[in-house]
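Since the structure comes first, as structure tokens, the remarks are kept for the end.
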Amino acid sequence: MDDQVVITAVASGEVETAQLWEAHAAGAEGRQDVNKWTRELPERIAELAGHALAGAGAPDAEGTACVIGSGYGAGHVAETMRARLDAGARSSLAPESFLYFNAHGVTSLICLRHRLRGYCATVLGPGAGLQALAVAQRRLRLADEGPVLCGAYEMLSPAAARAMGGGPVTGWAAFLVLERATRARERGARVLARLDPVRTCPPPRESADVRATAPLAELAELLTGDGASSTATVTVAGRRHGYRCTAYKEG
């Protein structure tokens, strides 16, 4: 077990986006609210990430890495920018808001809010949640670093959801704290589950879920729920193949 990657904390929950899309639909009259929710929703995602870090016993932020996956990033912001530029409203694109205007901005915000100074990366596209998990596992195995905050978030606009071949998608975020078993034991962290490596597999035929958060949220549910199952295998479709990972609940 010494070389195995383990999960020491999880956090998962809804990030309600309905008011943001309502503000978008209101056109010029909703621009102020679009700005408000564009700033506030990433802060809610960062807050949920903080719950995971606290659950892991607040590991040393200096050595904690952060790998985040998203199906589309904050793509609705690009849609907003284009609409405003087309309308000649250039002054409404405040430079201080640019932190929220791209997918890595959410990852950066998480690191800023929790002062994480380790490796940092953002993964985009189909299967991004498990791809982020694979990057986090690889980082732990190759770099032998401290914990990795691994997560995914959803802020899919209706247009983005249609572009990815899905229906309306509820805003969501899910986070796992991953560590090497030896390091977790050294700092007295509780191990929730052992984790197999993420592997490629044939794309699941039945999967129509475009959410990057889906597999991480499922793992979080296994580890926080009261169900009898002690093992969970999650599978998602990527662009060319599928990804699979199995977790084994401890205790």
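Read-outs: derived from the displayed coordinates by stated rules, not from any lab. Quantities reported herein were computed from a predicted structural model and do not represent experimental measurements. Note: ideal-geometry Cβ built from the backbone for every residue, glycine included; neighbour counts use all protein chains shown.
Residue by residue through the stretch 109-141, note down the ones that are polar (S, T, N, Q) and either more than 12 Å from the chain's Cα centre (by Cα) or part of a loop (DSSP other than H, G, I, E, B) (or both). Listed by number, the list holds a single entry, GLN137.
Of the candidates GLY151, GLY188, GLY165, the single residue that is among the small types (Gly, Ala, Ser) and on the phi < 0 side of the Ramachandran plot is GLY151. Being under 20 Å from PRO59 (Cα atoms), surrounded by 15 or more Cβ atoms within 10 Å (Cβ to Cβ), in contact with an Asp or Glu (Cβ under 8 Å, 6 or more places away or on another chain) and of a type outside the set (D, E, K, R) is a property that does not hold for ALA220. The set of residues in the stretch 140-187 that are farther than 19 Å from LEU53 by Cα, crowded, with 24+ Cβ neighbours inside 10 Å and not aliphatic (A, V, I, L, M) contains only GLU154. Looking only at residues in the stretch 30-72 that are of a type in the set (A, V, I, L, M, F, W, C) and in a loop (DSSP other than H, G, I, E, B), the one that is surrounded by the fewest Cβ atoms within 10 Å (Cβ to Cβ) is ALA58.
Among the conditions (1) in contact (Cβ under 8 Å) with a residue 40 or more places away in the chain; (2) of a type outside the set (Ser, Thr, Tyr); (3) in contact with a Gly (Cβ under 9 Å, 6 or more places away or on another chain), the only one that ALA23 does not satisfy is (1).
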